[in-house]
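Chemist: Just passing along the structure, written as structure tokens.
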Amino acid sequence: MKTIMKVMTVQAWENAKEKGVIVEPSLHEEGFIHCSFLHQSLRVAHKHFALESSLMLIAIDAERVQAEIKYELAANGEQYPHIYGVIHTSAITNVYTLHQHEDGTFTLPVELA
């Protein structure tokens, strides 16, 4: 199983659970949903979700994703998984809470660290 990760707000996760799919504005604006690998997740959280206090880290089984996944080079020189369609919640294997410290930084849950 190849696992890819998705950082999202608690509210976005609640919406996804209710609808059965993860859909983001980037899917309509750029044609794909941004994801990452585990080792990139905290950087993504700090860069794109710095103003959020409650974040979830969603583990996705890439083999269960029905949409096309492309591993594409980002401006920082690393490859990130981009999912070109919705992510059905049936592809999700685990959901974790990213813990935020008083200084605003996030840490991975102990089971992933």
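Each value in this text was obtained by applying a stated rule to the coordinates, not by laboratory testing. What you see is a predicted model; the values in this text were computed from it and never measured. No Cβ is skipped: glycine too gets one built from the backbone with ideal geometry, and neighbour counts run over all protein chains shown.
Chemist: Which of Ser90, Ser36 has the fewest other C-beta atoms within 10 Å, and how do the rest follow up to the most?
Modeler: Taking fewest neighbouring Cβ atoms as first place, the list is Ser90, Ser36.
Chemist: How many angstrom lie between the C-alpha centres of the range 42-66 and the range 4-35?
Modeler: When both Cα centres are located, 9 Å separates them.
Chemist: I'm spelling it out carefully: the read-out is Kirkwood radius over Cα pairs in Å, the candidates are (1) 14.2; (2) 15.0; (3) 17.8, and one was derived from this structure. Which label?
Modeler: It is the value labelled (1).
Chemist: For the chain, set up a Gaussian network in which alpha carbons nearer than 10 Å are linked by springs, and say which option among His101, His82, His48 fluctuates the most.
Modeler: With Cα springs under 10 Å in the chain, the top fluctuation among His101, His82, His48 is at His101.
Chemist: How far is helix 38-48 tilted, in degrees, relative to the longest principal axis of the Cα atoms in the chain, given as a value from 0 to 90 rounded to the nearest 10?
Modeler: 70
Chemist: Give me the number: length gained by fully extending His39 to Glu111, i.e. 0.36 nm times residue separation minus the C-alpha to C-alpha distance, one decimal in nm.
Modeler: Result: 24.6 nm gained on full extension.
Chemist: Right, something else. What angle do you read, to the nearest 10 degrees and between 0 and 90, between the alpha-carbon axis of helix 10-19 and the longest principal axis of the chain?
Modeler: The answer is roughly 30 degrees.
Chemist: Let me ask something else. By the scheme Lys and Arg +1, Asp and Glu -1, what is the net charge of all other residues having a beta-carbon under 10 Å from that of Ile60?
Modeler: The answer is +1.
Chemist: Run the numbers for Glu14 and Ser90: contour at 0.36 nm per residue of separation, minus the present Cα-Cα distance, in nm.
Modeler: This chain segment gains 25.9 nm when fully extended.
Chemist: I've got another one for you. Quick one: net charge around His46, please, counting Lys, Arg +1 and Asp, Glu -1 for every other residue with C-beta under 13 Å from its C-beta.
Modeler: The answer is 0.
Chemist: Between Lys47 and Arg64, with labels modelled 7 Å along Cα→Cβ, what's the label distance in nm to one decimal, could you check?
Modeler: Once both label points are built, they end up 2.7 nm from each other.
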